[in-house]
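The values are calculated or read from the model by the stated rules, or taken from the named source; none is laboratory data. The structure presented is a predicted model; accordingly, all values stated were derived computationally and were not measured. Positions of Cβ are backbone-derived with ideal geometry, glycine not excepted, and every protein chain shown enters the neighbour counts.
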Amino acid sequence: MTDLLPAHAPASWRTVLGTTIGNALEWYDFLIFGYLSPLLAPQFFPSDDPLTSMLLTTATFGVGFIVRPLAGIWMGQYADRRGRKAALSLIIAVMFVATAMLALGPTYEQAGRWAQVMLVTSRILQGISAGGEFGCATALLVELAPSDKKGLYGSWQMVAQSLGALMATLMAAGLTSGFSHQALTSGAWRLAFFVGLIIGPAGYWIRRNIPESAAFRRNTVKASILRHRRPTHAPAAIVICLALGGATSVMVYVATGYLPIFAVHTLHLPQTMPFLVLTLTLPVRVMLIPVFGHLADRIGRRIVLGTALVCFIALVYPAFLGLAHAPGMASLLAVQLLFAILTAAVMGPFAATAAELFPIDVRATGMSFTSNLSVALLGGFTPFLLTWLVAKTGDVMMPAHYMVVFLSMGALSLLGMPPTAPATLRCHRAGGR
């Protein structure tokens with residue numbers, strides 16, 4: 001643990017906006033590509049077999065996940081050496097280029113194989129930018145925050161993530177209901193990606209004008225001594241962040257990625273119902289995340305995280321059992337509402353927790369690597385794996401079994417986490433220097 005007490009005024013709302021806007025764009029871009037995959041498949045991978053087109057599109061989607069852990073290390077090291085501000089400006093510039101290549105690029109009918117090359121390149125660049133976004137932005141945000149509000153400030157990163165998911169859900173619902181299928185395949189799908197072209201330049205300008213953290217500037221004085229240190233010198237932090245990141249990824253991707261598939265293909269509910277339910281429950285998650293972040297500042301991160309994870313483990317079986325035995329709007333809404341509340345309770349303290357676990361000179365690298373590895377292994381593959389497991393076993397409770405495994409790992413990891421409650425935090429930090 002390192003000194004996180006900043007010697008400067010609290011971060012302004014412009015700084016908070018500048019550090020979180022990239023995370024919102026990242027999640028928006030990620031989810032909107034997934035939601036619109038059925039429309040994008042014939043545009044870039046035309047085939048007589050629709051399944052082949054869809055598989056090639058989803059494989060392209062997965063390319064971004066593959067590059068994220070390595071990109072996270074590279075971007076994190078850049079932030080730890082050159083500064084958080086410099087890294088964040090570079091990240092949003094790369095994100096803008098990736099979005100522009102997709103929004104303005106040609107389709108297969110217009111450019112043949114070159115269109116496919118541009119699409120894959122776009123996803124690689126998106127993976128590179130996303131790989132560094134969370135760790136670099138969270139490091140800056142938590143370092144700029146007042147010492148007694150780090151949980152609250154860090155929670156805005158997770159709020160941005162949820163807002164990006166909500167924006168993608170609303171955009172997908174608006175496009176599919178507002179345009180005919182012919183209009184969408186003729187080019188209306190591009191409207192979804194123009195959002196990044198509008199927000200990206202504004203985000204870059206804001207990031208170029210935000211301050212570097214005083215904690216990072218102070219740390220550069222001893223950079224020559226610590227230049228060879230790596231995140232592996234903080235093994236406990238890596239294990240805890242991987243376990244908590246894995247639990248968080250499973251929560252988020254089951255709710256937003258798998259439950260809509262489960263509702264339609266396994267429970268045979270109308271295709272529009274999961275989108276409607278997510279539109280109603282995602283705002284609940286957004287509103288509660290900062291509440292739990294603030295609560296963690298008052299009573300300690302470990303207490304909030306532990307309580308939420310234990311409650312989730314206890315309630316996930318009844319939730320899926322009720323949904324399977326009485327499928328419908330009411331049961332799906334109840335399950336998603338429960339997931340929204342408990343996920344918010346974990347996401348609220350998570351960012352500050354991860355930041356405080358790593359020393360400042362490897363903070364961005366450590367956070368970027370662990371968050372991206374957990375997302376790459378558990379986030380991107382969770383919907384596919386659960387769909388396959390349910391189809392193979394016929395057990396509708398398989399999602400509950402899967403979630404309990406990773407939620408339990410997250411809960412157990414808290415046993416190795418240092419205290420952060422106000423009464424013990426100052427003494428712990430003083431003894432850890």
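Values as computed for the structure displayed
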{"read-out": "Meets criteria (assigned to a helix (DSSP H, G or I), in contact (Cβ under 8 Å) with a residue 40 or more places away in the chain, polar (S, T, N, Q) and within 18 Å of Leu315 (Cβ to Cβ)) for Ser368", "value": "no"}
{"read-out": "Where Asn219 falls short, out of the listed (1) touching a helix residue (DSSP H, G or I) at 6+ places or on another chain (Cβ under 6 Å); (2) at pLDDT 70 or above", "value": "(2)"}
{"read-out": "Verdict on Leu31 being over 16 Å from the mean Cα position of the chain (by Cα), touching a residue at least 12 places away in the same chain (Cβ under 8 Å) and in a helix (DSSP H, G or I)", "value": "no"}
{"read-out": "Residue within segment 374-382 that is modelled with pLDDT of 85 or more, of a type in the set (Gly, Ala, Ser) and closer than 25 Å to Val310 by Cβ present", "value": "yes"}
{"read-out": "Members of segment 385-401 found to be closer than 22 Å to Met54 by Cβ and without any contact (Cβ under 8 Å) to a residue 24 or more places away in the chain, listed by number", "value": "Leu385, Trp388, Leu389, Ala391, Lys392"}
{"read-out": "Any hit, segment 176-195, residues being in contact with an Asp or Glu (Cβ under 8 Å, 6 or more places away or on another chain) and either closer than 21 Å to Trp13 by Cβ or surrounded by fewer than 19 Cβ atoms within 10 Å (Cβ to Cβ) (or both)", "value": "no"}
